[in-house]
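Shown next, in structure tokens, is the structure this report addresses.
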Amino acid sequence: MEKWLNTSKHMEETEVGMCSNNDHDRLAFYIKCHPYGVDLRSLVLQHHKVFIGYAPLRKGSVWDPHNVKASLLDISVENNDWNPEKLDEKKLSKVHKKQISENRGYATKIDRCDMVVLPRPGEGVCYIGRIAGKFELVNDPPWAEEFLRLCKKHKLDCPNEADLIAEVVQSWPVEGWRCIAFPLIPRWISYSLLSRSTIGWLHDRPDKKHRVVEVLDQIYTTGTFKANLEPTIDKTEVEGRLLDWITPSIFEHLICQLLQLENPKEHWWHMGGAGDGGVDGIVVNNGRVVAAVQCKWKFDSDPYQLGEKLQRQLQKQWGNPVNVYVAILYNEHKDNKIQSFNGVTLLNRERIAELLVKHKSVCSIAKTLGIA
């Protein structure tokens, strides 16, 4: 499923598939565009904008739709010109002010030719766009009335319409949009799209074999990510395919299957939900849990501290020592190469790829990923 939404006003400046900016290392980010629970997708697609929200209301100002900079601070200015003391402390919560500070990191960096993703996983789609210019504050936004209608439709109670409209004047222009099925986005990208944050950077594949900007550009221009699924037993290639296509839930099932294949005399059970003790798989022997695994698609800290914490927790809960495995697909901690430490066994991406190649003839995921 893909759809090209070629309604951009900026196509004369940048042809599809041809974008270069010698003064700017291209970046990629996602943005939710969902202020107060109001979905701005219709505005985003129709007006070729993405909106950052969290308006930096200026202290002592009166809303002037004809001169937005008189009412809001410009978060895209250089540090020397930024003065947070001019923010209206009475109207802004600590969370709001913190987000304004974080938003400055995006407003000062994002520029023409950067890539943006508007995720709508609940509807099974993503919209991929290419930024057409710098951050801007828009006077007299032509979408203001439509936004207010959306707010009323969602029964949003706000006595001051100006405060609402202020949420949709901070924006970047977008060249065009490509609608694509969410499952066609590589997992190392879509993993971030499911976070709770309203905006965030998208990073290159952990093995550095694919740049996120190039992958998103490929999807934007062609409508698909051309993955290599030709038969292979090259372990480095297998690692890459795991990052591209394995979701967190499939990852848990895969690890339980690989541990079962490695330990045929044991009986591994996949767990999940209430009462699982914080684990994703267990081995039961003579009525006791004797081994457990915790799976993390991405984990940034020490994997052995995670395993030791789980060991202590399970021994306290279940009353006997438990052998613990920690399986992590994406971890760049310095100790992620050690396979075993203090009774905790680590299954890192390299080890998982090795086991997948070893058991390729009986593992269904191996066939799906072209491991043969």
Task: Verdict on LEU243 being buried (at least 21 other Cβ atoms within 10 Å of the Cβ) and in the same structural domain as SER361 (by TED's automatic domain parsing) - done: yes
Open item on the list: Quick check on this structure: which one of LEU259, LEU242 is in contact (Cβ under 8 Å) with a residue 60 or more places away in the chain and in contact with a Leu (Cβ under 7 Å, 6 or more places away or on another chain)?
Closed with: LEU242
Task: Residues of region 191-226 satisfying the condition of being surrounded by 14 or more Cβ atoms within 10 Å (Cβ to Cβ) and touching a Pro at 6+ places or on another chain (Cβ under 8 Å) - done: TYR191, LEU193, ARG205, HIS210, VAL215, PHE225
Task: Scope region 81-108; condition assigned to a loop (DSSP other than H, G, I, E, B) and crowded, with 21+ Cβ neighbours inside 10 Å; matching residues - done: none
TODO: Keeping to region 109-142, report how many residues are among the β-branched types (Val, Ile, Thr), within 22 Å of CYS19 (Cβ to Cβ) and either assigned to a loop (DSSP other than H, G, I, E, B) or in contact with an Asp or Glu (Cβ under 6 Å, 6 or more places away or on another chain) (or both).
DONE: 2
Open item on the list: Go through (1) closer than 30 Å to GLN99 by Cα; (2) surrounded by fewer than 19 Cβ atoms within 10 Å (Cβ to Cβ); (3) over 17 Å from the mean Cα position of the chain (by Cα) for PRO264 and report which single condition fails.
Closed with: (1)
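Every residue, every condition in (1) more than 20 Å from CYS295 (Cβ to Cβ); (2) without any contact (Cβ under 8 Å) to a residue 60 or more places away in the chain; (3) in contact with a His (Cβ under 9 Å, 6 or more places away or on another chain), yes or no:
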residue	(1), (2), (3)
LEU148	yes, yes, no
TRP172	yes, no, no
PHE182	yes, no, no
SER195	no, yes, no
PRO231	yes, no, no
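Yes/no per residue for (1) charged (D, E, K, R); (2) within 21 Å of TYR106 (Cβ to Cβ):
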site	(1), (2)
VAL44	no, yes
TYR54	no, yes
HIS66	no, no
ASP81	yes, yes
GLU85	yes, no
LYS90	yes, no
SER93	no, yes
- [ ] Identify, by number, the condition in (1) out of contact with any Asp or Glu (no Cβ under 9 Å at 6 or more places or on another chain); (2) surrounded by 17 or more Cβ atoms within 10 Å (Cβ to Cβ) that GLY278 doesn't meet.
- [x] (2)
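The values are calculated or read from the model by the stated rules, or taken from the named source; none is laboratory data. All values reported here derive from a predicted model rather than from experimental measurement. We place every Cβ from the backbone using ideal geometry, glycine too, and count neighbours over all the protein chains shown.
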